[in-house]
Amino acid sequence: MSSRKRLTVSCTLSTLCALAAIARADNRATDSYLDESRGRWEQVARQIWDTPELGLGETRSSKALIQILEKEGFQVTRGVGGEATAFVATAGTGAPVIALLAEYDALPGLSQAAGSAKKQAVTDGAPGHGCGHNLLGTASVAAAVAANRERIARKLPGTIQLFGTPAEEILFGKTFMIRDGAFKKTDLVLAWHPDDQNRVTNRTRLAATAVNVEFFGRSAHASAAPWLGRSAFDAMMLFDHAISLMREHIKPTARMHRIIREGGSAPNIIADHTLGEYWLRDITGDSVNEMLGRLKKAADGAALATETRAKVEVTFSVREPVPNDALNAVLQRELERIGPPRFDDADQRFAKAMQKELGFEETGLATAVMPFAQKNGGTASSDIGEVSAVVPLAELNLATRPLGTAAHHWAQTACAAHPLGYKGMAIAAKVLAASTIDVLTDPTAVKTAKEEFVAQTKGKPYVSPLAPGAKPVAPAAH
Ligand SMILES: [Zn+2]
């Protein structure tokens with residue numbers, strides 16, 4: 001049965017469906033442009049996928065997007081926030097200033113063959129787009145270009161900005177851009193992220209703080225004179241045990257995770273230095289700060305017990321996003337008008353093969369738009385939370401991987417250069433482009449979103465979590 005016939009059968013008695021059909025007929029100029037140029041955007045997404053680059057090293061990826069924007073008449077400022085691969089592209093003049101966010105960094109070790117339902121690296125140990133940021137950055141740039149063409153054609157007032165925001169996976173790219181005033185003239189921000197669902201996200205991303213925990217001991221020969229040594233490794237083990245025990249006594253919404261980056265150089269040398277990276281997350285920044293206080297006590301306690309010295313240093317911190325229901329409503333309306341990605345049988349077969357491989361229920365891909373609801377969305381943290389504390393922001397998700405699968409996984413890398421990923425990307429671009437035009441032409445929507453932002457933030461000025469003089473530096477292991 002054709003999709004049109006199916007629609008007719010299921011909608012016969014419903015006035016709502018009749019209204020929905022009218023809405024679908026309301027094809028916007030930005031939709032048409034994005035349909036016509038679809039192949040071009042898929043090529044761009046594939047190009048970025050083919051050359052995965054880690055945070056702050058996204059030279060080729062940012063260059064590819066900048067070239068497109070400059071050709072379309074955007075003025076581009078590079079090296080924003082002290083980050084070589086950050087940029088701001090601007091078109092138009094005056095108010096309102098509507099911005100979109102493009103991310104394009106990859107993750108370490110997630111290389112994966114395109115379209116393979118089994119784990120199979122292109123290059124062992126190499127980075128890969130396991131968060132789908134090749135789709136994210138491309139869709140946002142496509143939306144900015146589509147909306148800007150429409151702005152010019154209709155001689156609309158206002159400015160469209162595209163922020164090229166690197167290093168999202170190390171959670172601080174945008175924070176440095178904010179500190180250097182990049183968002184000062186921006187009225188509203190619209191964003192999206194690849195996902196296994198089609199929805200407007202709201203009140204879900206977790207606040208997060210990362211710390212480096214170091215112990216400094218005294219080296220000695222582990223067999224000849226161990227009594228002379230004081231082990232930084234012992235301190236790290238004791239500290240980590242304390243954190244493990246603490247897990248029983250934190251809120252169910254909280255998360256703590258870690259790796260040991262340096263554990264000593266050889267078993268027969270008492271380690272005089274160890275380093276662990278610990279991340280704390282919860283639904284509010286206040287709760288994360290409370291856990292951070294307890295973590296510091298555990299580090300001091302472990303140092304006391306082992307006669308070593310502890311050092312705890314915050315490496316980044318992002319808050320939970322400030323919700324904005326006025327802007328969420330704009331995204332939800334456009335998402336429902338445009339509808340979910342139209343996955344075909346081959347997409348569904350691929351998704352189910354991947355779910356089978358992973359031992360998940362073989363439910364395929366999301367084929368509906370979720371109704372708007374509070375707490376729709378995942379728990380991943382993002383430096384988008386920092387942007388939302390500076391300027392009204394709304395974000396949506398589009399399905400670019402099978403139901404039940406998560407980002408930061410080879411499954412998303414495989415889908416990010418597959419037709420199903422491109423289908424999610426195409427809908428994201430359409431929703432963002434149409435929503436940009438909606439707010440550009442509706443001063444009331446802009447005013448309402450800004451009033452809601454002031455009410456949510458209680459008019460308090462933004463305070464950067466960055467230490468004074470902090471510089472953007474990628475972790476050594478990357
Ligand atoms: Zn991501």
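The values are calculated or read from the model by the stated rules, or taken from the named source; none is laboratory data. Note that this is a predicted model, so its numbers are computed, not measured. Glycine gets a Cβ as well: all are built from the backbone with ideal geometry, and neighbour counts include every protein chain shown. Calculation scope for accessible area: heavy atoms of the full protein, side chains included, ligands and nucleic acids excluded. Shrake-Rupley method; radii C 1.70, N 1.55, O 1.52, S 1.80 Å.
Restriction of the GluC sites (Glu not before Pro) in the stretch 132-187 to DSSP coil positions whose beta-carbon has at most 13 other beta-carbons within 10 angstrom yields no sites.
Where the accessible area of the stretch 357-478 is counted over protein heavy atoms with a 1.4 Å probe, how much of it, in %, is carbon and sulfur? Mind showing how you got there, number by number?
Values: 2990 of 4980 Å².
The nonpolar share, carbon plus sulfur, comes to 60 percent.
Scattering from the chain was approximated by placing one identical point on each alpha carbon and applying the Debye formula without solvent; log10 I(q)/I(0) at 0.06, 0.10, 0.14 1/Å stands at -0.29, -0.77, -1.37. In a shell of Cβ-Cβ distance under 15 Å around T444, excluding T444 itself, what net charge do Lys and Arg (+1) and Asp and Glu (-1) give? Surrounding charge for T444 is -3.
What is the distance in Å between the Cα centres of the stretch 27-88 and the stretch 371-415? Each part reduced to its Cα centre gives a spacing of 20 Å.
Which of rounded, prolate, oblate describes the stretch 282-409, given a ≥ b ≥ c as roots of the alpha-carbon gyration tensor eigenvalues and a/c under 1.5 marking rounded, otherwise prolate only if a/b is larger than b/c?
Working: a/c = 3.92, a/b = 1.66, b/c = 2.36.
Taking the square roots of the gyration eigenvalues as a ≥ b ≥ c, the stretch 282-409 is oblate.
The alpha carbons of the stretch 49-145 stretch over 50, 27, 21 Å along the principal axes, in descending order.
Report, please, the projected area of the stretch 157-293 averaged over directions, based on the convex hull of its C-alpha atoms, in nm².
On the way: hull surface 50.7 nm².
For the stretch 157-293, averaging the hull's shadow over all directions gives 12.7 nm².
Taking every protein chain into account, the accessible area of the chain amounts to 44 square angstrom per residue (probe 1.4 Å).
With only Cα atoms counted, the stretch 77-231 has Rg and Dmax values of 22.2, 82 Å.
When restricted to Cα atoms, the stretch 229-356 yields an Rg and a Dmax of 22.5, 68 Å, respectively.
Placing unit charges on each Cβ (+1 for Lys and Arg, -1 for Asp and Glu) gives the chain a dipole about its Cα centre, and among I437, M291, N268 the Cα reaching farthest toward its positive end belongs to I437.
In this label model, L156 and Q456 are separated by 2.1 nm, measuring between points 7 Å along each Cα→Cβ vector. Hydrodynamic estimate: the Kirkwood radius of the stretch 339-478 over Cα pairs, inserted into Stokes-Einstein at 37 °C and 0.692 mPa s, corresponds to D of 180 µm²/s.
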